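Structure first, then comments.
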Amino acid sequence: MNFPPILSGPILRRVDEFQITVWVATSKNYDITASLYITDQNHKMLPISVKNHKLPLGKQLYIHLITINPLKKVFPTDQLLSYNLFFSKGNHSFDLQQLGYLDHNSISRIVYSSLKYPSFYISSTKSSSFLYGSCRKLHGKGDDCLQLGDQLLEKHQLDHTKRPSALFLLGDQIYADDVSELIFPFIRKTVEVLLGYEEDLSSIDERITKYKNRKQISKYLCKFTSRKSNNHLFTFGEYATMYLLSFGPALWKDILPQLSNNSGHTDIINFANSTFSTQRLLANIPTYMIFDDHDITDDWNITKKWKENVENSPLGKHVLANALTAYFAFQGWGNDPSRFSSEFLHSLTEYVNTYPSNKHTYKSWINSMFGFGPWTYIAPTKPKVLCLDTRTSREWSYSKNQSSSWIPPSTSGPELVNEKGWTFATNKLFKSGWQKNDPLVIVSPAPLYGIEVIESFLEKFISPLRNRGIPVTTSFDLEAWRMNGKGVYHFYEVLMKLSPCEITILSGDAHMASAIEVWTQFGGKQEKIKLLQLTSSPLKNETFRGVSGLSLKAAIVLYTIFQTEDRIIRICDEKQNFHYNTIAKTHAVTLAESIHYQYVNKNSIIELSNNLGLVSFSTGQTYHQLLTKKDEA
């Protein structure tokens, strides 16, 4: 198996007027430098300093973060900039042109038709636009809608007023627990060549040899609750290979010839062919990412008991650490490189490169992975974006409404961000230069607001089954913000203290897209907070097809017909319980919401097909639309 020089990338990551960050994965230990140009006829080269931060993570896996800084005070804003990368190892050197990446006739090109190099721009005004989306499964149904982002940049490549300035991937960039049986053998075959070794998981838990398959190992040794874990990723190399397959075409050349064109392979073949488009998009737009559960494993930290069971399982904890290591290397590092200390990087590389590791190295690595957090960060866009980690800063409270004494205490849905997590987030926000009365965009992988007809059903008829000892939390993913009134109340407490002039929430996860406008009156105050939540999901994983899709659409249609009011009123009492439309007179109102569902297409308040969100900000106005293959047709 021969790997090309570039395994993945280049991916444009964190960008502002003071620093530009480019991520690349290579198969050899290259030194990498860069050049930066003003995108015009002369391609004037800008004076810069370049540093290549390199992580050797395997025999043929090197992760690079190239940081580019201006020798003058700041980079130019509101005009197109371009870049090239130069690779060297010994006497061998080449650039992106020699790889065919700048050749307009090559399928591997990462440049748009009128441009010589990959390009981007840095916005200086609050009038800009973002792409956003979530839930991109390699073998998911339908076409990958990241292609639509690539087409949009191609269309507006020279017009920075219409060209999106950032892309936000809001979770489930990979599905580690749900891996196609067609791809899994290739992943296993690739790992040993990529890393130079294969992890011996029996050294973590010797009982692994007693189980026949990964589904059993996932359930009984890892204590995972995924329902599709036949090919669950376990090792760092497996996670790394999945990222390489997801972010670009480099590894697919060895797989595609083995896939026949029968109907069972269509979704995978379409995904593989779309990775050229994905690679081009990611090279031309600053990209920010945050995990949700499938990036690690399904139901990650969904309950307190889940967290305790998995982290007390040697193999479960080991797999989580592998997943977090891969998340850091392929997603987290580029979001905010300054967050990660030299000690953190050393513990990671020392573990990966001294296999089999000694106890000290292993313990240091485990402690680094679980000790880091929260993974919340601020994207330096205009407007600034607060990207929330809603997985590792959770808090649970026990339910007191038990129907029988013999049933063990259950917890309500989790508070997705605890007090410590919010304190960290707000401190980071103010340190970033954000000020009160500035607009604020918040990325929450899980929506703050769902579709009322669905969430009410879950809350009224499914959630109470927990009090009868039925494990519905993992079966129905009862972890939305509204499943914990304290968490929603705390969210609004933070917003009141921040006092932004306008609030937009970008969300994913739901496998349906929506747009919800909310006016909230908090704590008896007269002023109201206006909030717009935009959800884009899935990018490639259509779930509600056939009968399930028709049933859901029918329920939504009936709901909108019989919902006589334009808005839904939801009220929070002093016990932080939420009620719709009415409230007992004995309860005091601490928060009141007026919720309005906007149409996201001509016929419905939800979109079930694969989609990519586009949101545009102008002074006092927010515009949004969903890009779908239906619209393209």
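Here are the numbers for the structure shown:
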{"item": "Sole exception among (1) in a helix (DSSP H, G or I); (2) among the aromatic types (Phe, Trp, Tyr); (3) surrounded by 22 or more Cβ atoms within 10 Å (Cβ to Cβ) for residue 300, by number", "result": "(1)"}
{"item": "Residue among 56, 76 that is open to solvent by 10 Å² or more (accessible area, probe 1.4 Å) and farther than 28 Å from residue 190 by Cβ", "result": "76"}
{"item": "Tally, over the stretch 151-170, of residues that are in a helix (DSSP H, G or I) and open to solvent by less than 10 Å² (accessible area, probe 1.4 Å)", "result": "1"}
{"item": "Of all residues making up the stretch 1-24, the number that are closer than 17 Å to residue 50 by Cβ, open to solvent by less than 10 Å² (accessible area, probe 1.4 Å) and either in a loop (DSSP other than H, G, I, E, B) or among the hydroxyl-bearing types (Ser, Thr, Tyr) (or both)", "result": "1"}
{"item": "Looking only at the stretch 355-374, and only at residues there that are of a type in the set (Phe, Trp, Tyr), open to solvent by 10 Å² or more (accessible area, probe 1.4 Å) and in contact (Cβ under 8 Å) with a residue 12 or more places away in the chain, the one that is nearest to residue 166 (Cα to Cα)", "result": "372"}
{"item": "Qualifying residue in the stretch 390-405 (condition: on the phi < 0 side of the Ramachandran plot, touching a Phe, Trp or Tyr at 6+ places or on another chain (Cβ under 7 Å), open to solvent by less than 10 Å² (accessible area, probe 1.4 Å) and modelled with pLDDT of 95 or more)", "result": "yes"}
{"item": "Only one of 459, 455, 479 that is modelled with pLDDT under 80, open to solvent by less than 30 Å² (accessible area, probe 1.4 Å) and assigned to a helix (DSSP H, G or I)", "result": "455"}
{"item": "Test result for residue 28, open to solvent by 50 Å² or more (accessible area, probe 1.4 Å) and assigned to a strand (DSSP E or B)", "result": "no"}
{"item": "Residue satisfying condition, being farther than 24 Å from residue 351 by Cα and touching a residue at least 24 places away in the same chain (Cβ under 8 Å), within set 65, 36, 55, 7", "result": "36"}
{"item": "Failed condition for residue 277, given (1) assigned to a helix (DSSP H, G or I); (2) more than 27 Å from residue 353 (Cα to Cα); (3) touching a helix residue (DSSP H, G or I) at 6+ places or on another chain (Cβ under 6 Å); (4) open to solvent by less than 10 Å² (accessible area, probe 1.4 Å)", "result": "(4)"}
{"item": "Cross-chain or 6+ apart pairs with Cβ under 6 Å, the stretch 340-354 first and under 10 Å from residue 325 (Cβ atoms), then part of a loop (DSSP other than H, G, I, E, B)", "result": "351/357"}
{"item": "Subset of the stretch 420-452 (residues that are in a helix (DSSP H, G or I), surrounded by 13 or more Cβ atoms within 10 Å (Cβ to Cβ) and of a type in the set (D, E, K, R))", "result": "428, 452"}
{"item": "Hits in the stretch 79-132 (condition: open to solvent by 50 Å² or more (accessible area, probe 1.4 Å), without any contact (Cβ under 8 Å) to a residue 60 or more places away in the chain and not in a strand (DSSP E or B))", "result": "90, 91, 97, 98, 103, 104, 105, 113, 114"}
{"item": "Check on residue 266, at pLDDT 95 or above, in a helix (DSSP H, G or I) and among the β-branched types (Val, Ile, Thr)", "result": "no"}
{"item": "Set 221, 251: member being more than 30 Å from residue 278 (Cβ to Cβ) and modelled with pLDDT of 95 or more", "result": "221"}
{"item": "Number of the condition not met by residue 39 [criteria: (1) open to solvent by 10 Å² or more (accessible area, probe 1.4 Å); (2) within 29 Å of the chain's Cα centre (by Cα); (3) of a type in the set (Val, Ile, Thr)]", "result": "(2)"}
{"item": "Hits in the stretch 52-80 (condition: touching a Pro at 6+ places or on another chain (Cβ under 9 Å) and of a type in the set (Ser, Thr, Tyr))", "result": "62, 67"}
{"item": "Residue tally, condition in contact (Cβ under 8 Å) with a residue 60 or more places away in the chain, assigned to a helix (DSSP H, G or I) and either open to solvent by less than 40 Å² (accessible area, probe 1.4 Å) or touching a His at 6+ places or on another chain (Cβ under 6 Å) (or both), over the stretch 186-216", "result": "6"}
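Results for (1) assigned to a loop (DSSP other than H, G, I, E, B); (2) of a type in the set (Phe, Trp, Tyr); (3) within 28 Å of residue 387 (Cβ to Cβ), shown as yes or no for each residue.
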{"site": "218", "(1), (2), (3)": "no, no, no"}
{"site": "228", "(1), (2), (3)": "yes, no, yes"}
{"site": "231", "(1), (2), (3)": "yes, no, no"}
{"site": "238", "(1), (2), (3)": "no, no, yes"}
{"site": "242", "(1), (2), (3)": "no, no, yes"}
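So that you can scan it fast, the table gives a plain yes or no per residue for (1) part of a strand (DSSP E or B); (2) at positive phi; (3) in contact with a helix residue (DSSP H, G or I) (Cβ under 7 Å, 6 or more places away or on another chain); (4) modelled with pLDDT of 90 or more:
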| site | (1), (2), (3), (4) |
| --- | --- |
| 582 | no, no, no, no |
| 585 | no, no, no, no |
| 591 | yes, no, yes, no |
| 596 | yes, no, no, yes |
| 604 | no, no, yes, no |
| 609 | no, no, yes, yes |
| 614 | yes, no, no, yes |
| 617 | yes, no, no, yes |
| 624 | yes, no, no, yes |
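The values are calculated or read from the model by the stated rules, or taken from the named source; none is laboratory data. For clarity, every value in this text was computed on a predicted model and none was experimentally measured. Note: ideal-geometry Cβ built from the backbone for every residue, glycine included; neighbour counts use all protein chains shown. Note: areas computed on protein heavy atoms with side chains; ligands, DNA, RNA excluded. Shrake-Rupley method; radii C 1.70, N 1.55, O 1.52, S 1.80 Å.
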